[in-house]
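Read the structure below first, then the notes.
Each reported figure results from applying straightforward, stated rules to the coordinates on display, with no laboratory input. Bear in mind that the values here come from a model prediction, so they are computed numbers and not experimental data. Neighbour counts are summed over all protein chains in view; Cβ atoms, including those assigned to glycine, are modelled from backbone coordinates with ideal geometry.
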Amino acid sequence: MEYPYEVPRPEKQFAAVFDTNKCIACQTCTVACKNTWTAGRGQEYMFWNNVETKPFGSYPLAWDFKLLQKIGGGSWRGNVYTGKTIFEKAREEGHENAVGIFPELEDWAYPNIGEDEIFGGEVEQGMHINSLPHMMWFYYLARICNHCTYPGCASRCPRKAIYKRQEDGIVLIDQKRCHGYKQCNEGCPYKKAMFNAHTGRSEKCLGCYPKVEKGLTTQCMEACIGKIRMQGWLNTPENAEEDNPLDYLVHVRKLALPLYPQFGTEPNIYYIPPINVPVPFLKQMFGPRVEKAVLNYREALRHDKVLQGLITLFGSSPQIISRFKMNNDKTYGYNDKGTQVATVPIQEPKHIRKPFDKNLEVYRTDIT
Ligand code: SF4
Ligand code: SF4
Ligand code: SF4
Ligand code: F3S
């Protein structure tokens, strides 16, 4: 892996694991971010947090497909990536620090339109659909800036206006230094640096740093209805700690994987892959370790108490959980100061309701 300049590792790295199996595409995260950070002029089209439906959804249009094509599709030998990253491809072509795509305005304009439609047209009442235009699976992919270890956005900025904070690894654009060259928009492989035509500068997800500085989770993490997100601090593999929830999920159990590792930026948002999706599709999105990760997750749901407990800890506190412990039936989460901030049962209790409600004198029938 080559990066155009030296990037020291931060003291701590802002990171998160998203469990795609739990996302219901309610877009609460999207709205939480929008209301907090991008409700101003020039920001109308911006969703620093977005949730797209794979395989056909994308914001902006075809962002991932186009970049994969540009770097030559990518190739693997076993678990080793043998294709070109965005930085290596640029060097091969002898131009910018990182290759990228620059979306048209129109490409940002219709997030989520038609992404979940199975048929591609109107479905009449009582209609029988003999064959579908695509396979019968999809899943929801929530995306924010990855606060990459090797940020593609920063590598392209001629003003050096983009920097990675030493204290937490959050990547920010200095609005005073930015002169609106838009190179970062092209250099970010995940399309998370966006141009504001009103201010003439670019903007991006701030990792909700004012909250993070107080030990709190970000707006999009806290608001998540599906409790699919676990925010925390990620160590390098050689410094992994077993009682750190993110280290455990990413390095120890290898259950959570980076999105498009082929791009070469070492993204810090990790995903537990969806278990209902064909492996060949998942491989080009999360790399070859995905098959094992899916098996581990299936196994965990049946037998693995530690993983079961950890997964129920997701979204259980508005404070950042940096340690966890378990006993026979509960999981406990602790913040940076060692204070217990969450307690959850390993198995959610089941409540079976009687069909007839005597108080209201109604029958409730489960029709699913
Ligand atoms: Fe920069 Fe994009 Fe990485 Fe965010 S996801 S740090 S905007 S390269
Ligand atoms: Fe928005 Fe904060 Fe989430 Fe970034 S971390 S997408 S700024 S809510
Ligand atoms: Fe998915 Fe959570 Fe966002 Fe809802 S709030 S769309 S469950 S990530
Ligand atoms: Fe640099 Fe992007 Fe601004 S390239 S000057 S941060 S628009």
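With neighbours defined as other Cβ atoms within 10 Å of a residue's Cβ, the residues Thr199, Thr312, Thr30 order from fewest to most as Thr199, Thr312, Thr30. Going from the fewest other Cβ atoms within 10 Å to the most, the residues Asp357, Asp64 appear in the order Asp357, Asp64.
Given +1 at the Cβ of Lys and Arg, -1 at the Cβ of Asp and Glu and no other charges, the dipole of segment 147-203 around its Cα centre is 180 debye to the nearest 20.
Each Lys and Arg adds +1 at its Cβ and each Asp and Glu adds -1 at its Cβ; summed about the Cα centre, the chain shows a dipole of about 640 debye. With each label modelled as a point 7 angstrom along the Cα→C-beta vector, the Tyr363-Asn130 pair spans 3.9 nm.
Sorting Tyr190, Tyr363, Tyr163 from the fewest to the most surrounding beta carbons within 10 angstrom yields Tyr363, Tyr163, Tyr190. Over 26 Å apart at the Cα level, from the set Lys84/Lys176; Lys227/Lys358; Lys12/Lys214; Lys66/Lys254; Lys254/Lys305, are Lys84/Lys176; Lys227/Lys358; Lys66/Lys254. Expressed as a fraction of 2.2 N^0.38 Å, the value expected for a compact globular protein of N residues, the C-alpha radius of gyration of the chain is 1.04.
The relative contact order of segment 229-345, computed from alpha carbon pairs under 8 Å that lie at least 6 residues apart in sequence, is 21 percent.
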